[in-house]
1. Under 13 Å Cα-Cα from A:K57, which aspartates and glutamates qualify once same-chain neighbours fewer than 8 residues away are excluded?
2. Can you pull the Rg over Rh of the protein assembly as shown, Cα-only, Kirkwood?
3. With respect to the cross-link table entries A:K11/B:K41; B:K3/B:K56; A:K71/B:K56; A:K71/B:K97; A:K14/A:K71, which display a Cα-Cα separation exceeding 28 Å?
4. Connecting C-alpha atoms closer than 10 Å in a GNM of chain A, tell me which of A:T38, A:T76, A:T104 has the biggest fluctuation.
5. Averaged over peptide B:37-45, how many Cβ atoms belonging to another chain are found within 10 Å of each residue's Cβ?
6. After finding the eigenvalues of the alpha carbon gyration tensor for chain A, what semi-axes result from the square roots of 5 times each, listed largest first in whole Å?
7. In nanometres, what is the gap between the two model label sites at B:E5 and A:S27, each 7 Å from Cα along Cα-to-Cβ?
8. Count, for each residue of B:95-103, the Cβ atoms from other chains sitting within 10 Å of its Cβ, then give me the mean as a whole number.
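Nothing in this text is a laboratory measurement; each read-out follows from the coordinates by a stated rule. Remember, it's a predicted structure, so these values are computed and weren't measured experimentally. No Cβ is skipped: glycine too gets one built from the backbone with ideal geometry, and neighbour counts run over all protein chains shown.
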Amino acid sequence: DTGVSQDPRHKITKRGQNVTFRCDPISEHNRLYWYRQTLGQGPEFLTYFQNEAQLEKSRLLSDRFSAERPKGSFSTLEIQRTEQGDSAMYLCASSYPRLGLQETQYFGPGTRLLVL
Amino acid sequence: ELKVEQNPLFLSMQEGKNYTIYCNYSTTSDRLYWYRQDPGKSLESLFVLLSNGAVKQEGRLMASLDTKARLSTLHITAAVHDLSATYFCAARGNYDKVIFGPGTSLSVIP
């Protein structure tokens with residue numbers, strides 16, 4: 001197992017374009033999280049899946065953002081009509097909660113988005 | 001709504017010295033995390049603390065949790081240059097949302 005992977009690692013786009021990012025979690029992990037991180041800030045929670053169900057979505061997330069995890073494995077995050085303020089690092093993390101035991105989120109390398 | 005604060009935000013310390021980073025959270029949480037992030041890299045898990053009084057140590061880092069005070073600390077012993085990084089604490093709130101603090105940027109100087 002090579003850990004959480006994300007694709008692409010870097011994306012440059014023009015304002016108004018749509019972008020889609022992919023996250024492949026660690027294979028047995030049923031929880032998957034998306035975060036956004038801007039320079040000098042901590043990761044900001046965006047949304048969270050347990051298997052294929054999207055259980056929570058940040059109120060900060062505008063309607064331009066949508067995430068899916070169709071088969072409970074990989075996930076995609078789409079941003080429509082990108083704005084310059086969307087420029088950030090988008091991080092994916094996965095975990096496998098075991099009752100009574102600690103749960104660690106394993107983070108992927110991130111996708112760095114630059115909107116021109 | 002759960003909020004997480006860290007203190008200090010920036011820390012410059014000499015090699016060999018000890019220091020503590022503080023993490024306060026605003027509402028009840030059943031899980032407290034510490035992460036390390038190197039520049040341009042993703043986050044590396046350091047500790048997960050589950051219960052009041054929990055203490056975990058790894059090398060020169062020791063983390064503790066006081067759930068009554070809603071406070072976690074990350075203590076650095078005899079700092080070395082390799083510890084230079086940004087350290088984040090995070091707390092788990094309702095619906096498994098994990099809320100991160102702003103981070104503490106640590107620089108260890110000779």
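1. Answer for A:K57, where 13 Å is the Cα cut-off: A:E44, A:E68, B:D96, listed by chain and number.
2. 0.97
3. A:K71/B:K56; A:K14/A:K71
4. A:T104
5. Average per residue, whole number: 5.
6. After diagonalising the Cα gyration tensor, the semi-axes are 24, 14, 13 Å.
7. That separation, rounded to one decimal, is 4.6 nm.
8. 6
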